[in-house]
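The values are calculated or read from the model by the stated rules, or taken from the named source; none is laboratory data. Quantities reported herein were computed from a predicted structural model and do not represent experimental measurements. Methodologically, a virtual Cβ is constructed for each residue, glycine included, from the backbone with ideal geometry; neighbour enumeration extends over all protein chains shown. For the accessible areas, the whole protein counts, side chains as well, though only heavy atoms, and no ligand, DNA or RNA atoms are used. Shrake-Rupley method; radii C 1.70, N 1.55, O 1.52, S 1.80 Å.
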Amino acid sequence: MQIKTVKVGSLQTNCYIVIDDKSREAIVIDPGDEAQKIVAAIKGLKVKYIVITHGHPDHFGAIDQVKKTTGAAILMNPADAWFFKPDQEIAEGDQIKFGDIVLEVLQTPGHSEGGVCLYTPGYLFAGDTLFSTAHGRVDLPGGSMKKMLNSLKRLGALPPNTQVFPGHDESTTIALEKERGTLG
Ligand SMILES: [Zn+2]
């Protein structure tokens, strides 16, 4: 598995491209802005899905162009899909498969009602639920501190060596964030 990070837009959102080495199948997580940068990064790959972790513009701003270029299906939890009708709805326990990779959907409300994380052993794509040294803000529409604390508790139960790829800033691990108290 290969992970490419493309930082896009004024909020420097991390758009992740997750690639299965053998089949060259891939997914794009959070095409937030600067479609041309993302399109350049997926050259030669078979993009099967575009996954939106949550319905904030800095995470989906380039969706039209990336969809047009790849023809990939857009996956999203319906609770956050106020701006768009996803091709496929995703919810707790769903599996996203491409090549030999299987990512599991964890529903992690708190930053927004329909926010999801994607997990495969060793790796967590955390959207704006968990960052390095901080959790996502809860003061936007659909946000809830109570739900955030629950979601963080869940993430804290993942194996400590899980590498976390957040929606902004640098990557971290579950162990580090436990040590820092971010996960409660
Ligand atoms: Zn957000």
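If the condition is being within 14 Å of the ligand (Cβ to nearest atom), of a type outside the set (Val, Ile, Thr) and within 23 Å of Val6 (Cβ to Cβ), then the range 115-136 contributes Gly115, Cys117, Phe125, Ala126, Gly127, Asp128, Leu130, Phe131, Ala134, Gly136.
Given the criteria aliphatic (A, V, I, L, M), away from the ligand (no atom under 16 Å from the Cβ), free of Cβ contacts under 8 Å to residues at least 60 places away in the same chain and out of contact with any strand residue (DSSP E or B) (no Cβ under 8 Å at 6 or more places or on another chain), does Val39 qualify? The answer is yes for Val39.
Here are Asp94, Asp169, Asp100: which of them is under 27 Å from Gln2 (Cβ atoms), open to solvent by 10 Å² or more (accessible area, probe 1.4 Å) and touching a Phe, Trp or Tyr at 6+ places or on another chain (Cβ under 7 Å)? Reasoning before the result, please.
Details: Asp94 fails: touching a Phe, Trp or Tyr at 6+ places or on another chain (Cβ under 7 Å); Asp100 fails: touching a Phe, Trp or Tyr at 6+ places or on another chain (Cβ under 7 Å).
Within the list Asp94, Asp169, Asp100, the selection yields Asp169.
Only a single item in (1) out of contact with any strand residue (DSSP E or B) (no Cβ under 7 Å at 6 or more places or on another chain); (2) more than 15 Å from the ligand (Cβ to nearest atom); (3) hydroxyl-bearing (Ser, Thr, Tyr) is not met by Thr70, and it is number (1). Annotation: of all residues in the range 4-32 being at positive phi and either open to solvent by less than 10 Å² (accessible area, probe 1.4 Å) or among the charged types (D, E, K, R) (or both), the one that is farthest from the ligand (Cβ to nearest atom) is Arg24.
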